[in-house]
Amino acid sequence: MSFRPKLIASDLDGTIVANYGDISQRTINVFRSAHSMGIPIFFVTGRPPRWMPEIQEAFGVGSAICGNGAMLYDLPTGTVLEEWLIPLDAQIESVKRLRIAIPEISFAVESNSYFHREKSYIPRWDVGMDNVGVDKIEEIMNAPALKILARCSNQELSSDEMLEIALKELTELVTVTHSNPHDSLLEISALGVSKGATLAIMAGRLGISSKDCVSFGDNPNDFSMLEWCGRSYAMEDGHPEAKKYSKSIAPPHMDDGVAQILEELLQLPE
């Protein structure tokens with residue numbers, strides 16, 4: 001017999017947040033129902049904390065793992081609780097290697113309190129945060145960072161193509177992934193940091209095993225989380241490789257796929 005999950009973890013964008021930014025009331029309701037049953041909720045995202053107020057406003061419950069596993073964030077209070085940052089030497093070496101491997105690449109770096117970019121890095125989501133930029137990102141790399149962003153602004157390479165190159169160049173130095181196959185953008189975290197690794201830590205602190213956790217995701221930065229959880233669902237309209245890492249498939253996110261699955265799971269016995 002199947003039992004109700006003891007922990008729910010979900011990616012945001014492309015999973016429960018539509019590509020135009022909306023979250024359905026059906027989705028909000030089912031997460032609130034789970035919370036009222038005493039089930040811990042973790043919103044596990046590549047987003048930095050400055051992009052989380054809308055999530056807090058929509059749901060009003062749950063915890064957040066931000067930066068692809070690099071930060072534990074208290075959603076109701078907007079407080080950073082714990083961080084796993086990229087050491088300065090690993091940042092500089094990663095940039096050095098990628099400049100050689102992908103000559104057209106450009107960089108940005110972010111932490112909780114800042115976003116800095118190279119002049120050649122054209123931001124998609126952080127327009128207005130750093131309108132000056134620097135010639136080389138190394139000029140302002142002076143402390144451990146939440147995440148490095150690496151972009152081909154000319155989009156000559158896809159995110160998947162960039163990831164294939166970066167995985168070879170950055171092995172045993174940092175963790176590299178992406179969250180959008182169409183955006184020519186890599187996301188780099190500290191070595192060993194991933195959504196799955198940090199979720200495992202959080203579940204362990206709560207005394208909950210992987211078999212009692214359920215997760216939902218759509219892109220490579222979700223693969224570690226989908227693989228770790230005993231029950232996991234790749235979004236039907238997500239990255240084609242996601243199905244290799246999940247145990248099941250959820251209906252498309254535009255059809256409230258996560259809500260459909262959770263409504264069924266919450267009916268199961270404890």
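Kindly indicate whether residue 110 is among the acidic types (Asp, Glu), buried (at least 19 other Cβ atoms within 10 Å of the Cβ) and out of contact with any Ser or Thr (no Cβ under 7 Å at 6 or more places or on another chain). Criteria met by residue 110.
For region 1-36, a residue qualifies if it is charged (D, E, K, R) and surrounded by fewer than 22 Cβ atoms within 10 Å (Cβ to Cβ), and the qualifying residues are 4, 6, 13, 22, 26, 32. Being outside the structural domain of residue 70 (by TED's automatic domain parsing), within 19 Å of the chain's Cα centre (by Cα) and at pLDDT 95 or above is a property that does not hold for residue 226. Of all the listed residues (39, 55, 65), the sole one being assigned to a loop (DSSP other than H, G, I, E, B), touching a Leu at 6+ places or on another chain (Cβ under 9 Å) and either at pLDDT below 95 or surrounded by 18 or more Cβ atoms within 10 Å (Cβ to Cβ) (or both) is 39. Going through (1) assigned by TED's automatic domain parsing to the domain that holds residue 106; (2) of a type outside the set (Asp, Glu); (3) in contact with a helix residue (DSSP H, G or I) (Cβ under 8 Å, 6 or more places away or on another chain) one by one, residue 136 falls short only on (3). For residue 119, state whether it is of a type in the set (Lys, Arg), farther than 18 Å from residue 197 by Cα and at pLDDT 95 or above. Taking the combined requirement at face value, the residue does not satisfy it.
Here is a check on your reading of the model: is residue 127 under 22 Å from the mean Cα position of the chain (by Cα), at pLDDT 95 or above and on the phi < 0 side of the Ramachandran plot? The answer is no for residue 127.
Here is a yes/no grid of residues against (1) of a type in the set (A, V, I, L, M); (2) at negative phi; (3) crowded, with 24+ Cβ neighbours inside 10 Å; (4) not assigned by TED's automatic domain parsing to the domain that holds residue 110:
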{"residue": "199", "(1), (2), (3), (4)": "yes, yes, no, yes"}
{"residue": "209", "(1), (2), (3), (4)": "no, yes, no, yes"}
{"residue": "216", "(1), (2), (3), (4)": "no, yes, yes, yes"}
{"residue": "231", "(1), (2), (3), (4)": "no, yes, no, yes"}
{"residue": "260", "(1), (2), (3), (4)": "no, yes, no, yes"}
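The values are calculated or read from the model by the stated rules, or taken from the named source; none is laboratory data. No experiment lies behind these values; they were computed from the predicted model shown. In this analysis, Cβ positions are derived from the backbone assuming ideal geometry, glycine residues included, and neighbour counts consider all displayed protein chains.
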